[in-house]
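**Q** Submitted below is the structure of interest, expressed as structure tokens.
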Amino acid sequence: MKLLELEIHNFRGIRDLTIAPRGENFLIYGPNGSGKSAVVDALDFLLTGQISRMKGKGTKDITLKKHGPHVDYSVKDAWIKANVKIHGLEEPVEIKRSLDHPNRLICENSIRDLINPVIELASRGQHVLTRREILNYVTADSGTRGKQIQTLLKITDVEKTRNTLVKVKNTLKNNYIGAKSSLNTISAAINSNIGITNYDEEKILDFVNINRNVLDGNPLQDLKSNSIKEGIEAQALSPDITVNIQLLKIDLKKVHEINSDKNKESLSNIDLELRELKAKISSDHRMEDALDHLKLTRLGLDLLGPESSCPLCDTPWETGNLKEHLKHKIEIFKESAQNLDRLNELTDELILEVNHTLASLNEIIKSAEILELEKNVRALKSWTNELDILLSVLEDENYPDPRFSEEMVEVLFAPNNLDVILDNIYSVAIEKSPEPSEEQTAWDNLTRIEENLKNYEISIIDCTKSFESYKKSEIIYNTFLESRDKILNRLYSEIKDRFVELYRELHLDDEMEFKAIIISEGAGVDFKVDFHGRGVNSPNALHSEGHQDSMGICLYLALAERLTQGFIDLIILDDVMMSVDAPHRREICNLLANFFKGRQFFITTHDQTWARQLQSEGVIKARNRIEFSNWTIENGPSVNISGDIWDEIDDDLERNDIPSAAAKLRRGSEEYFSQVCSALHAPVRFNLSGQYELGDLLSGAMAEYRSELKHAKEAANSWGNTDELERLKEIDEFSRNVFTRLNMERWAVNPALHYNQWADFTPQDFKPVVDIFRDLFSIFQCNKCGTLLHLVINGPRPEAVKCNCGEVNWNLKENED
Amino acid sequence: MDSFNVISKYNGGYIIEEILKVPKTVLEDVWEETISKLKDNPDFNKETIEKIESMLRDEMINSNDIIDLLED
């Protein structure tokens, strides 16, 4: 798509503006605050229904409907209209968008299917590069550069999706940890009932069968919650029995032991070793990294199925090799593995102690509730809450926690008056409940086991399911990452060569051997560039800000070209030139003019030199440059459509306005010859203020031109190139003639000396002066591509005078044989 | 990049001979690659893959939807 004409009505700072780029490159030049970016916003809005500058960080209170229209008008009176040329369609089409319906593009229905892909592509925003983005890229530190480049490349959606998948993975991991924790607590309760340390089905079955035997039940072969009481009769409870004193006594004894010296010493030793080991690991970053690698490798080994590919990233492996590879990696982390295993052992020991305590504590609380000992219940429940917190900290591998002192941990947060509470519960229990029979205790034991087993079976299913879900989320996440790296690396590989080509073109004189590395790395991009063959580094390590700026532009151009090809030919460069120095700006002009044939650049700038260069280097035709100034709320910017200087002067002469014609000729000549002197490296009498008189510029330009033409003739002669010599002689003759005529008439444009005489001039008097300058201008530029002749310097001496298209190419190197 | 034919103008309207397709975004490319790999993974059945594909047809994926799907 190319832009032929754009009409803006009551939008942002613009009241009414019509511009006609005609599908060609277009330039808006003007100082900051003159309304240039409003035109870019208008284009942005027309194509996307949004204004990208009004979105994102720092734009919370800015809305399209409120701040999109001109401040004095409503959304109904604000619209943008354009004539555009679409690929495959012979006739231009009109598209329009109004701020009162930003999501509706108005166009002929018959072309909707054709314009929609263009609009959809535009919504990705890859055709607009703003100074803010370049600035972000340049000022990014190494840690955030990848992210900034992703922003520059407009692929942040990939990162957003990755973050979503991380969230999924973490949530499911937490669910799995929660399920595992519940399972541990329940198995601890069963173990506590039976008096074993680790869950053992055989021992539990023995315990069940012993109790069943007391109640004349047959022994069970399998341990299942629904058959625990199978074939035995329920015991008829005596109405005065409230709690089972026998079982309560066992639970109380276990909890009482927490305060025993032996128990304190054991817990203290575990806690101390755990704290020391954690401190040792935290103080050594390499150890921490090694542990992370080890955990990941072990997870990979756990997830390894029968298929011969990595369960984390799906990379294919030969059967068996991956297992060996992972085992070998684990072997490398031997020291870390010892530390990690010990850490896990100690944590598990502590978790086991907490779970055992909780199991007994919960049974005691049940009894205390039956006995209506509310105060004791509150105190014990408060303790269980603290134990739950400790448990979650241990299971999340966040131990030690500053909230938990060593003194608190050695008694597992037991309240100071624990013995008093427990003794009170027991004394009330024996007061209210007689000694239970052996059958009653057996029945109560089976009831406890039945209940806990039921929970255990449910928990096992939960745990398995949550592990499966977590495993799948890990696989999706890792597959997504691997796919991302593959796709991005392919994309980067495609644009890298173009990026290097463009950058070399910009820095022909100093970085002809420039190389770059652009590869996907983690969440970002590893972007490194060569520095004069001395190795690759981050862009900001050794390159100047100007070089980094031009890297940003080249990278963007290479990517925009790749992503929008065939749909949007329009590339918008909104005030992107900052620290690129003058010679390299000229090269950027050359790049835009010659490396992007068929593309339409829409450029805004506040930089006058850059604006001039874009014109003198043939990127922008005179008629496609407009100047904004004197912006007011009521009228927006004043627009000066530059047009062709000679047309404007002819208009002045027709109106008999000689002073205006002379002023334009002088101002235009000053601009033009400052560019000529720069392009030819012409010597101009130095002036500290940087303000040069036209006379100085003309003298310098003409002297350099004559000098290089002389060298070109000598070179042609030395090579025996008579045709070239003859051609150069003709050029020489023509230029001499123009220079002579100029010297005779040049006074006429000097206002300091002849201001008063203008009034006496007629158009007939002044026209010969104009004609001479017109001929003079033509000498310094190519009559085919319109670009200025420039000196090509490679080494100590100039080697040629050329234009951008190659039509002018004077060889300056003589035959030395 | 899809090619397209010249559109001819006829009786005041346009005859579109071939509907253009927008090139895929980087994210779409990444998901296409991801889904193709998941299809070969025995941990994912056809139904789960189809549900993920269906989610991707609407806007950006939502973490709660994916969690619900994987917990299902």
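The values are calculated or read from the model by the stated rules, or taken from the named source; none is laboratory data. Quantities reported herein were computed from a predicted structural model and do not represent experimental measurements. Note that each Cβ is placed from the backbone with ideal geometry, even for glycine, and that neighbours are counted across all protein chains shown.
**Q** In this structure, does residue A:486 turn out to be closer than 30 Å to residue B:66 by Cα, in contact with a Phe, Trp or Tyr (Cβ under 9 Å, 6 or more places away or on another chain) and basic (Lys, Arg)?
**A** On the way: closer than 30 Å to residue B:66 by Cα: yes; in contact with a Phe, Trp or Tyr (Cβ under 9 Å, 6 or more places away or on another chain): no; basic (Lys, Arg): yes.
When the stated conditions are applied, residue A:486 does not pass them.
**Q** Report yes if some residue within segment A:517-540 is assigned to a helix (DSSP H, G or I) and of a type in the set (Gly, Ala, Ser); otherwise report no. Steps first, please.
**A** Keep residues of segment A:517-540 that are assigned to a helix (DSSP H, G or I), which gives A:539-540.
Keeping just the survivors that are of a type in the set (Gly, Ala, Ser) gives none.
Scanning segment A:517-540 turns up no residue that is assigned to a helix (DSSP H, G or I) and of a type in the set (Gly, Ala, Ser).
**Q** So, residue A:314, is that one modelled with pLDDT under 90 and not in a helix (DSSP H, G or I) or not?
**A** Against the criterion (modelled with pLDDT under 90 and not in a helix (DSSP H, G or I)), residue A:314 qualifies.
**Q** Still on this model: Go through segment B:53-68 residue by residue and tally those that are more than 8 Å from every other protein chain (Cβ to nearest Cβ) and within 19 Å of the chain's Cα centre (by Cα).
**A** So the answer is 8.
**Q** Confirm whether residue B:7 is more than 7 Å from every other protein chain (Cβ to nearest Cβ) and either touching a strand residue (DSSP E or B) at 6+ places or on another chain (Cβ under 8 Å) or modelled with pLDDT of 75 or more (or both).
**A** no
**Q** Now, a different point. Please work out if residue A:616 is among the small types (Gly, Ala, Ser) and closer than 20 Å to residue A:781 by Cα. Talk me through it step by step, then tell me what you get.
**A** Details: among the small types (Gly, Ala, Ser): yes; closer than 20 Å to residue A:781 by Cα: yes.
It is true that residue A:616 is among the small types (Gly, Ala, Ser) and closer than 20 Å to residue A:781 by Cα.
**Q** Output the residues belonging to segment A:211-230 that are in contact (Cβ under 8 Å) with a residue 40 or more places away in the chain and among the aliphatic types (A, V, I, L, M).
**A** Result: A:214, A:215, A:223, A:228.
**Q** Oh, and also: Can we say residue A:80 is within 14 Å of chain B (Cβ to nearest Cβ) and not charged (D, E, K, R)?
**A** no
**Q** Right, something else. Can you confirm whether residue A:8 is in the same structural domain as residue A:104 (by TED's automatic domain parsing), among the aliphatic types (A, V, I, L, M) and buried (at least 18 other Cβ atoms within 10 Å of the Cβ)?
**A** yes
**Q** On to the next question. List the helices (runs of 4 or more DSSP H) inside segment A:367-473, counting only whole elements, that have at least 2 residues being within 47 Å of the chain's Cα centre (by Cα).
**A** Filter on segment A:367-473 gives A:374-395, A:406-410.
**Q** Taking segment A:466-513 only, how many residues are under 13 Å from residue A:554 (Cα atoms) and among the hydrophobic types (A, V, I, L, M, F, W, C)?
**A** Going through segment A:466-513 one residue at a time, the tally reaches 5.
This table checks each residue for (1) free of Cβ contacts under 8 Å to residues at least 40 places away in the same chain; (2) within 14 Å of chain B (Cβ to nearest Cβ).
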residue	(1), (2)
A:34	no, no
A:66	yes, no
A:75	yes, no
A:89	yes, yes
A:93	yes, yes
A:101	yes, no
A:111	yes, yes
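**Q** If you don't mind, there's one more thing I want to ask. May I ask you to verify whether residue A:158 is facing chain B (nearest Cβ under 10 Å), among the hydrophobic types (A, V, I, L, M, F, W, C), part of a helix (DSSP H, G or I) and within 30 Å of residue A:554 (Cβ to Cβ)?
**A** Spelling it out, residue A:158 is indeed facing chain B (nearest Cβ under 10 Å), among the hydrophobic types (A, V, I, L, M, F, W, C), part of a helix (DSSP H, G or I) and within 30 Å of residue A:554 (Cβ to Cβ).
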